[in-house]
Amino acid sequence: MSCPLCDAPGGSLLWQDDLCRVVLADEPDYPGFLRVILNAHVKEMTDLPAADRQALMRVVFAAEAALREAMAPDKVNLASLGNVVPHLHWHAIPRFADDPHFPNAVWGARQRDTQRVAPPNLNARLIDALNRQLARVRETE
C-alpha cells in the first residue's frame, strides 16, 4: 500500500535528521504551517521506543518555538491525527485571530474570508529559527 509521507517529502524540506524531517506544508491559507514527519512508516507514538518518542517531541517543540520566533502568531496549534494518512506526523500551525478558521481548528468551519500573506523570506526565517531552537535543545542534553 502506498503512503504519501513515505513516497514524497510532504512539503518543502526545511530540516532533517535520521529520525524525522520538518517541512513547510503547501497550505495557502496558513503560511508557516509545518509538519514534523517521522522518516519511518510508523502509525502511533507508542509504537516508537521511548528515546525516539522523546527525540521526536523535541523536534515538535522546536518547530513550535521556531514559528513563534519567526512569525509571532497569536497561538500555535499542535496536532497529530493521522486519520487520513496513518504515518506518524505532527502539525505545527501558526494561528492568528483573523485567520480563516479562528477560533476553530484549521479543519473546522471557516469563520471568515481572509488571507494571510507569508512574511518575506519565510522559508529562510523558519530554517534559521529551527536550527537555533534545535541547537538549544542539543546544548541542554
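Using only the alpha carbon atoms of the chain, find the Kirkwood hydrodynamic radius as the inverse mean reciprocal pair distance, in angstroms to one decimal. Don't skip to the answer; put the middle values down first.
Details: mean 1/r = 0.0643 Å⁻¹.
With all distinct Cα pairs of the chain included, I get 15.5 Å.
Against the chain, whose longest principal axis is taken from its Cα atoms, helix 50-71 shows a tilt of about 30°. Taking the fewest neighbouring Cβ atoms within 10 Å as the starting point, the ordered list for ILE37, ILE127 is ILE127, ILE37.
Between the residues LEU126, THR46, LEU13, the greatest Cα displacement towards the positive end of the dipole of the chain, with unit charges on the Cβ of Lys, Arg, Asp and Glu, is found for LEU126.
Read-outs throughout are calculated quantities, based only on the coordinates presented, and are distinct from any laboratory measurement. Everything numeric here is computed off the predicted structure, so don't read it as measured data. Because the Cβ atoms are built from the backbone with ideal geometry, glycine has one as well, and the counts that use them run over all protein chains shown.
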